[in-house]
Every structure is written in structure tokens, then in C-alpha cells.
Amino acid sequence: MTKLQSKELKSTRLGFGEALVELGKENPNIVVLGGDVTGSVRTDLFKKAFPERFFSVGVAEQDMMGTAAGFCLAGKIPFASAYGEFATGRPFDQIRQSIAYSEMPVKICASHCGITVGPDGATHQSLEDLATMRVLPHMYVMTTCDYYQTFRAVKECVNIPSPFYIRFFRDNTPVFTDDSIPFQIGKAQTLIEGSDVTIIAAGLQVWEAILAEEILSAEKISVRVINMHTIKPLDKEAIIKAAKETGAIVTAEDHQIHCGLGSAVAEVLAMNHPTPQEFVAVNDTFGESGIGEQLMKKYGIDKDAIVSAVKRVLKRKK
């Protein structure tokens, strides 16, 4: 049994859609922009509740980002949503110039991220989005771990007048957070305490890290599990504290090995407290079509890969 239990299976994209409806009830300035994937990203819930505040731009993500910036100038709080690959790759110029550079508080909410998009294949598997978004000045970057945390992140991001990129996923996944776990944008969550090694995970890999901890605990390895839901601004204090107290770090993410969570953590360690680190991530390759769980295993980002990484890093620990 894990120390944290899954209560049910629900999709993170549903958490996004239901949070939008709640925000729409609370604030008449909330508007939502989408393309031709309204039902898939669950903006259909907002469209049904507030049709006069929903705007479809069709398959034109560049236009969507420019229009969202314009809504900011009109005093609105726009949420722009599409699949992760198309929400960040196609309109990067508009995001950089019209949103980040101009400091427009557009909330870019991307579904179907990572390798587990599955049957849609490599063209739809957004494995580079954390890298491209975290490099932009003024941009907040988040990848939430379950339905409930996605709901909370979407609700709270409107209180921060900055551009946001929030990344979530397609499939139904375990729900294991609730109000008992403190949540603050920019502050990591220590879900399990441990003294031998720390796993810093984000997104779907948080649950995989919890499962890995269960396996390692049975082998008398004490593992700290940290949910780093905010990639930028990064909780440097939590990383440095974990490095000093456990002396070994493993990062786990559903993203390319370069320039994502692992790289961000490595930057902090290099500048503050050099510590052995192993990276669990997609290793510089594109994905393929398949079942999400099988793809995570094949591309080395599931619980077994995390267990192996922990054992490697412990051999390097001084």
C-alpha cells in the first residue's frame, strides 16, 4: 500500500474544464478561446455555461494567442486552450511577442501533453513545451499531477497578473491530492518524507514516483517524494533542502530529457549545492502511437525506471 492512495480515476483536462466553469460564475471578465478541439480539452463545459464568453478561432493557434492578448488590453482574463503541441509550437512567436514580452496575463492551458497522448502519435505528443515556455521571461509554467490539483491551479492562476502556461493530460489518471495537502503556486509539495534520496517529480510522474517509493521502501530505502508542480518560478529552497538532507536527487517528468524539470533542478544544484542527480525523462527522441502506460514503460518514464534511477544515484552518493 502506498502512503498516498488514489481515490478515483479522473482526467486532469476535466479538472481544467470544471474549474473554468467555476471561474466563469465568479468573474464576468473570464473569457475562453479555443480551436476545433473544444470537447477534447473540455472547454465545451464553459461554452455550454457561458456561450457569449466563448470564442472559437478554428485551427488557428497563432490567431488565438494574438486575440487573447487583445482581450487582456480590453480588461478581460483570457484562457486560451489547445493541445500542448499546437498551443506552444505553432504560436511561439505570438506567445513571445504579444504575451510574454508585453506581459499580458493570458492563461495558456494545454491538454494532451506528454507521451501518453497515445494513439495520436508523435505529432501530437508535446515533449518540448516545458522547455520553450520556461525560457520566456515573465511566463509562469506549471504541470499538474491530478484532477484536483489542475482544478486548484486553474482557479488560483487568475490571482497572479502574469502570463501562465499550465500543462495537463488526456487520460483518466489517479486522483490522490485534496485539501489536506497545502497548495501554492511556486511552492513544491513534499508528499512523502525520506532521508536516503529525493525524487522530484512533475505531472503524471508524481504518481509513478509514489509507486516507486512503495517498491523502494520495501527494500529499506528511505525516499522523499516532492511534487514540483510549478516549473517556473522553481522552488529552489525545497530543492536545496532536499539535496542537503538526502544527498541524492532523481527527477522524473513526461518531457524531453533536455531543458525541462530535470534541467531546471540541475541548474539550481550546480549553483547552490552540487549533488548526484539522475534524470527520468524521454531520452532525446520523438514518441509513437500506442497505449499510454506501455509508452511510459518503453520510453523509460514509469515507476520501474524511477526505481532504477534511484539505485543508480545511490551508488554515486558520497
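Observations on the structure shown:
- Taking every DSSP beta bridge that has both ends in the range 189-316, the antiparallel portion is near 20%.
- Looking at the chain alone, DSSP beta bridges between its own residues are antiparallel in about 20 percent of cases.
- Shape category assigned to the range 87-178 from the gyration tensor of Cα positions, a/c cut at 1.5: oblate
- Set LYS220/LYS298; LYS155/LYS220; LYS7/LYS298 screened for pairs whose C-alpha atoms are more than 30 Å apart: LYS155/LYS220
- Remark: the chain carries a charge dipole of roughly 580 debye about the Cα centre, counting +1 on each Lys and Arg Cβ and -1 on each Asp and Glu Cβ.
- Ordering PHE168, PHE176, PHE55 from the fewest to the most neighbouring beta carbons within 10 Å gives PHE55, PHE176, PHE168.
- Positive-end ranking of ILE185, GLY290, PHE50 along the dipole of the chain, with charges on Cβ about the Cα centre, is headed by ILE185.
- Paired Rg and Dmax values of the range 1-92, which use every Cα atom, in angstrom: 14.7, 52
- Tensor-based shape of the chain (alpha-carbon gyration tensor, a/c under 1.5 rounded, otherwise prolate or oblate): prolate
- Residue order, fewest to most beta carbons within 10 Å, for HIS229, HIS138, HIS124: HIS138, HIS124, HIS229
- GNM remark for the chain: springs join alpha carbons under 10 Å apart, and the peak mean-square fluctuation among ASP44, ASP235, ASP120 falls on ASP120.
- Inter-site label distance for TYR101 and ALA49 at 7 Å from Cα along Cβ, in nm: 3.6
- Long-range amide H partners of VAL280 with built H, under 5 Å: THR251, ALA252, GLU253
- Rounded to 5, the percent of DSSP beta bridges in the range 10-175 classed as antiparallel: 10
- Sorting MET65, MET271, MET139 from the fewest to the most surrounding beta carbons within 10 angstrom yields MET271, MET139, MET65.
- Rounded, prolate or oblate (a/c below 1.5 giving rounded, otherwise prolate when a/b exceeds b/c) for the range 189-316 by Cα gyration tensor: oblate
- The local environment of MET133, defined by Cβ-Cβ distances under 13 Å, has a net charge of +2 under the rule Lys, Arg +1 and Asp, Glu -1.
Rule-based calculations on the coordinates, nothing more; no lab input. The model shown is predicted, which means the values in this text are computed figures rather than measured ones. Reconstructed Cβ throughout: ideal geometry from the backbone, glycine too, with neighbour counts over all protein chains shown.
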